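Before we start, here is the structure in question, set down as structure tokens.
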Amino acid sequence: MATAIFSLGLSFGFLFLLAALRFQQIPVFMASVAAGFLLWVGFGLFGDWSTAKHEVQSLAAAGFITGIGYLIGRRPGAIKIAWIALNWSLLGFSLLAIIMFWTAGSPDSMQTGISFDGRLTAGFGSANTAASLFGVAALLAGSRALMRLSDSKLGRLSRTDRIYHFVQAEYANLMLFVLAGSCLLLTESRAGIFIGAVCVTALLSLELIRLSRKGIVRFIRRKRFWIPIGVGLAFVIGLAITGIINPYNQEPLLNNAQSRLLMYDTYLTLWLERPLFGHGLGSFNALNDAQTTLDNAAVLVPMGAAHNNLLQWLVQQGLVGTLLMFMICGLIYVPIVRALRLPASLPRHFLRMAFAVTVLIFGHGLVDYALEIPSVMWTYSYIIGLAAGFATIVRAPQSMADE
């Protein structure tokens, strides 16, 4: 019911924006995606409606919110407001998650019999799902703060004044980065922490190298700068792999990997039964129950998803449906790639962040199922919609005034 209500609201919002713009900004890719989705649903290729309706509604809502983001992103100046609004929303969510985590581990909650394994779940019921969203929040905040380093005002200030100006201008994003990063560590998600740390480091390195080439910063050639970054990244990766910061749950990595491989082997067999069109959306739980035996019950019984988005799509929609989904993503990223190839510097922070978010979401999705959760899926859809819309208004250097 909640998904249906949100889907309906998002559809009205999308249609309202289209009407406000007099239906003049409907891109070819958006119309193609909508037509493909309607054709897919019309032929019943998604599966039985009684079991598939939740996922169909979630996917339709993702399409609407991508369209909303696209239309907003095409408006000059709107991307800044949208970016700030996203960061403030995730800042509030991260703060609430910290409070929930603190109270869940308190002596009072222990006395009431509340189950607590030491991992921050933020109300998702899955620490790994929460890790994906906190990783996205850290990337949003980090890329916004990095954009401030390109501010021409910083080059005219002393070192002390630069730090003061930077912190004063970006206090909210720095707070979000620290809070979201802390929440990410507290989720104890090995893959989430590892991929998130790599993405943040990559964005930081790319931006600092760019600024160094322009002569704005000169310290990145010094070993005393890169060595702490390398040591810090190695430390975070070590925490992610070993899981030593969680005293409640320290399942060895090897045992966890063996469980996942058993799951993947089971679901790969299911896909090969109907490789082209799959078993239909909403069919996973019934298929999972049918494959459960005494030998694999400990692994399969708690599962509500395949812990691998690619494999779950293959099981439910087969090769045809999976390729359709990748085609949709490819169409969305065409304008983003085209804009990044331009030498203009303006769009790179947000567009690079969108790519980093994609790497995080899909990379983590190979060992988890966060993209199956509507709130995570819709957040990601909105971000790439904004990026695709913003990419269409980026201009080549000869027309920088238009930016």
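The values are calculated or read from the model by the stated rules, or taken from the named source; none is laboratory data. The shown structure was predicted, so the numbers you read here are calculated from the model rather than taken from an experiment. Backbone-built Cβ (ideal geometry, glycine too); neighbour counts: all protein chains shown. Surface areas here come from the heavy atoms of the whole protein model, side chains and all, with no ligands, DNA or RNA. Shrake-Rupley method; radii C 1.70, N 1.55, O 1.52, S 1.80 Å.
The rows are residues; the columns are (1) open to solvent by less than 40 Å² (accessible area, probe 1.4 Å); (2) in a helix (DSSP H, G or I); (3) modelled with pLDDT of 80 or more.
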{"position": "Leu45", "(1), (2), (3)": "no, no, no"}
{"position": "Leu59", "(1), (2), (3)": "yes, yes, yes"}
{"position": "Gly63", "(1), (2), (3)": "no, yes, yes"}
{"position": "Ile72", "(1), (2), (3)": "no, yes, yes"}
{"position": "Ala82", "(1), (2), (3)": "yes, yes, yes"}
{"position": "Trp88", "(1), (2), (3)": "no, yes, yes"}
{"position": "Gly92", "(1), (2), (3)": "yes, yes, yes"}
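If you check Leu281, Leu319, Leu276, Leu294, which single one turns out to be at pLDDT 85 or above and not in a helix (DSSP H, G or I)?
Checking each option against the conditions leaves just Leu276.
Moving on. Just to be sure, is Gly385 at pLDDT 85 or above, in contact with an Asp or Glu (Cβ under 9 Å, 6 or more places away or on another chain) and open to solvent by less than 30 Å² (accessible area, probe 1.4 Å)?
For Gly385, the condition - at pLDDT 85 or above, in contact with an Asp or Glu (Cβ under 9 Å, 6 or more places away or on another chain) and open to solvent by less than 30 Å² (accessible area, probe 1.4 Å) - is not met.
Could you say which residue among Leu184, Leu176, Leu154, Leu133 is at pLDDT below 85, assigned to a helix (DSSP H, G or I) and buried (at least 16 other Cβ atoms within 10 Å of the Cβ)?
Being at pLDDT below 85, assigned to a helix (DSSP H, G or I) and buried (at least 16 other Cβ atoms within 10 Å of the Cβ) holds for just one of Leu184, Leu176, Leu154, Leu133, which is Leu154.
Only residues that are over 18 Å from Leu323 (Cα atoms) and without any contact (Cβ under 8 Å) to a residue 40 or more places away in the chain: list them for the range 260-272, please.
Leu261, Leu262, Asp265, Thr266, Thr269, listed by residue number.
Between a first residue in the range 49-67 that is charged (D, E, K, R) and a second residue that is open to solvent by 10 Å² or more (accessible area, probe 1.4 Å), which pairs have beta carbons less than 6 Å apart while being 6 or more apart in sequence or on different chains?
Glu55/Gly282
Let me ask another. Which of (1) open to solvent by 30 Å² or more (accessible area, probe 1.4 Å); (2) aliphatic (A, V, I, L, M); (3) modelled with pLDDT of 85 or more does Ile114 not meet, given it meets every other one?
(3)
Okay, next question. Testing Leu206 on (1) open to solvent by less than 70 Å² (accessible area, probe 1.4 Å); (2) modelled with pLDDT of 65 or more; (3) under 26 Å from the mean Cα position of the chain (by Cα), one condition comes back false. Which one is that?
Leu206 satisfies all of (1) open to solvent by less than 70 Å² (accessible area, probe 1.4 Å); (2) modelled with pLDDT of 65 or more; (3) under 26 Å from the mean Cα position of the chain (by Cα) except (1).
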